[in-house]
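Peer 1: Below: one structure in structure tokens.
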Amino acid sequence: MIRFTVNNQPVEYRLDPATPLLWALRDASNLTGAKYGCGTGHCGACIVDVDGTARAACQVPVGTIEGSYVTTIEGLSRERNHPLQLAFLAEGVPQCGFCIGGMIMQASVLLRKNSNPTEAQVRESITVICRCGVYPRVVEAIQRAGRALRGEEVIPAGFRPGIDPADAARQVPALTRGSGNR
Ligand code: FES
Ligand code: FES
């Protein structure tokens with residue numbers, strides 16, 4: 001039996017100690033926010049917080065983290081309103097979304113250590129590979145979340161990226177007049 005804490009819940013796993021943490025989370029705990037991308041520790045889609053460090057869950061045997069505290073994207077904020085989550089939505093970061101959980105978890109570790117990172121520090125710290133190429137917006141979102149954590153900005157909750165149906169309907173006449181490229 002291997003025991004550690006996941007999202008503030010003590011959990012006992014009856015698993016081979018060599019089992020990657022990613023499978024304990026996804027298959028045994030039904031926490032599927034950490035994604036399986038490469039399985040070799042390179043893409044970062046599986047990153048979770050283990051004792052305050054961003055770790056690729058596919059590379060962490062459960063037997064090595066007995067007694068640890070693991071936080072996944074599901075446990076980052078009970079109300080899903082961590083400043084990083086709000087900022088990623090407000091900046092319209094996600095495309096397919098596959099890398100976003102790992103990216104936010106990696107960013108949360110960064111901001112805990114440094115809530116005012118420069119663009120260079122963000123780029124150096126965020127190693128998650130995004131096949132959709134959202135990197136420029138990621139920098140904006142992480143710095144914005146930092147401002148919120150420092151109390152310099154309030155990011156509106158509940159913001160939805162994209163065009164809502166009412167706005168889309170309002171744009172139709174403009175488009176039919178041939179002036180839709182504003
Ligand atoms: S799946 Fe773990 S780093 Fe890619
Ligand atoms: S948003 Fe698609 S992989 Fe990053």
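Peer 1: Counting other Cβ atoms within 10 Å of each Cβ, which trypsin sites (Lys or Arg not before Pro) in region 47-97 have at most 11 and sit in a DSSP loop?
Peer 2: Values: sites: R55, R78, R80; in loops: R78, R80.
Answer by residue number: R78.
Peer 1: Pop out the ³J(HN,Hα) list for region 77-94 in order, Karplus 6.51 cos²θ - 1.76 cosθ + 1.60 with θ = phi - 60°, rounded to Hz; leave Gly and Pro as x.
Peer 2: Working through the residues one at a time gives 8, 4, 8, 6, 10, 4, x, 5, 5, 5, 5, 4, 5, 4, 8, x, 5, x Hz.
Peer 1: Give me the one-decimal nm value for the distance between modelled label points at V11 and Y36, 7 Å along each residue's Cα-to-Cβ direction.
Peer 2: Between V11 and Y36, the label points sit 1.5 nm apart.
Peer 1: Also: Kirkwood hydrodynamic radius (Cα pairs, Å) of region 5-105?
Peer 2: 13.7
Peer 1: To check my understanding: the extent here is largest minus smallest coordinate of the Cα atoms along each principal axis. What are those three numbers for the chain, in Å, largest first?
Peer 2: Computed over the Cα atoms, the extents are 67, 32, 29 Å.
Peer 1: Using 0.36 nm per residue of separation minus the Cα-Cα distance, give me the extension gain between M1 and R147 in nm, one decimal.
Peer 2: 48.3 nm
Peer 1: Relative contact order (percent) for the chain, with alpha-carbon contacts under 8 angstrom and 6 or more residues of separation?
Peer 2: Relative contact order of the chain: 21 percent.
Peer 1: For region 61-166, evaluate the Debye formula with one uniform point scatterer on each Cα (no solvent term) and list log10 I(q)/I(0) at q = 0.10, 0.15, 0.22 Å⁻¹, rounded to two decimals.
Peer 2: -0.29, -0.63, -1.24
Values quoted throughout were computed directly from the atomic coordinates according to the rules given, and no laboratory measurement underlies them. This one's a predicted model, so the numbers in the text were calculated from it and none came from an experiment. Here Cβ is always computed from backbone atoms with ideal geometry, including for glycine, and neighbour counts include all displayed protein chains.
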